[in-house]
1. Run the numbers on the chain and let me know its relative contact order in percent, using alpha-carbon pairs under 8 Å that are six or more apart.
2. Can you pull out the trypsin sites (Lys or Arg not before Pro) in segment 167-208 whose DSSP state is coil and whose Cβ has at most 13 other Cβ atoms within 10 Å?
3. How many percent of Cα pairs in segment 59-98 exceed 16 Å?
4. Taking C-beta distances below 4.7 angstrom as the pairing criterion, name the unpartnered cysteines of the chain, in sequence order.
5. Tell me, what ³J(HN,Hα) does each residue in segment 185-195 have, in order and in whole Hz, if you take phi through Karplus 6.51 cos²θ - 1.76 cosθ + 1.60 with θ = phi - 60° and put x for Gly and Pro?
6. A 31 angstrom limit on the alpha carbon distance is what I want to check against. Which of LYS134/LYS202; LYS145/LYS211; LYS58/LYS146; LYS75/LYS221; LYS3/LYS206 exceed it?
7. Using amide H atoms built 1.01 Å from N in the peptide plane, name the residues 5+ places from ILE46, or on other chains, whose amide H lies under 5 Å from its own.
8. Given a Förster distance of 25 angstrom, what is the FRET efficiency for GLU141 paired with ALA171, based on the Cβ-Cβ distance and rounded to 0.05?
Amino acid sequence: MRKIIRAESIEEAVKLRHEIENSAYLAGGTEVMRLGSSVDEDAVLIDINSLPLSGIRKENGKVIIGALTTLQEIKESELVPSFIREAAAFAASLQLRNAATIAGNFALRRDDGFMTAALLASECTVTIMCTKGKKEKSISEYFEKKECRAVVMNFVIDENRIGSIRRIARASHMHAAVIRAESCGCWAYTVSGSGIAYGHDKDVYKSIDFKDDLTGSASYKRYLASVLAEEGESGC
């Protein structure tokens, strides 16, 4: 049976995550409950659901999305840039959208994540709490540090950021073969079973090592990415 520790503060959550080697944060719980979860079944779960990390607000030309904000809340918010809202809607199940959080979905760095491509393309910043206190990092800097044990506090996006996002899958309830997001010349691709690529080049997908999986063959997914790359920029 899993051991769950409820953190009483953000600082305590970070402290516990560093003190307990085999541990993970518990938010929406969709990854922990998933068959084949990346979270070790013996990991101690640090429950952060009671911490003040939810909500969406606008401040000084920025949209600030709390880490524990659910995909459904993002989908419904008029404050959030439209392509970010579309990404949240990729989770076809209302039950899933009501449980999954933006930080949990992004922090897993899965190549079939709903929010990953959109957030990378948005070039937003991430506020985190680590052992040295609160810090702000670019989304790419946070993403590249895969072993980060900090608590994500929020995502900060330009309120006027525009972009586009496309998802190709065999069915709405299935994992996407390819998701492509583009915003102001920044392109991001997530390819199921193959990897993630992003940068200021529409052909950045070519750096991905395409592989066969249940969503399609390597050649099929490479073709999809090439088609999505030719759809044009958002025109920021």
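1. Numbers: 505 pairs, mean separation 37.3, N = 236.
Relative contact order of the chain: 16 percent.
2. Details: sites: ARG167, ARG170, ARG180, LYS202, LYS206; in loops: ARG170.
Here the trypsin sites (Lys or Arg not before Pro) that fit, given the DSSP loop and packing criteria, are ARG170.
3. Details: 236 of 780 pairs.
Here the tail beyond 16 Å accounts for 30 percent of pairs.
4. Within the chain, the cysteines lacking a partner Cβ under 4.7 Å are CYS124, CYS130, CYS148, CYS186.
5. Those phi angles translate into x, 9, 10, 9, 10, 10, 10, 3, x, 10, x Hz.
6. Details: LYS134/LYS202 34 Å; LYS145/LYS211 24 Å; LYS58/LYS146 29 Å; LYS75/LYS221 27 Å; LYS3/LYS206 43 Å.
With Cα atoms farther than 31 Å apart: LYS134/LYS202; LYS3/LYS206.
7. Here ILE5, ALA24, TYR25, LEU26 satisfy the definition.
8. Numbers: r = 35 Å, r/R0 = 1.41.
Taking R0 as 25 Å, the efficiency between GLU141 and ALA171 is 0.10.
Since every read-out is calculated from the coordinates, none of them should be taken as a lab result. Here the structure is a predicted model, which means the values were calculated and not measured. Using ideal geometry, Cβ is built from the backbone for each residue, glycine included, and neighbour counts are taken over all protein chains shown.
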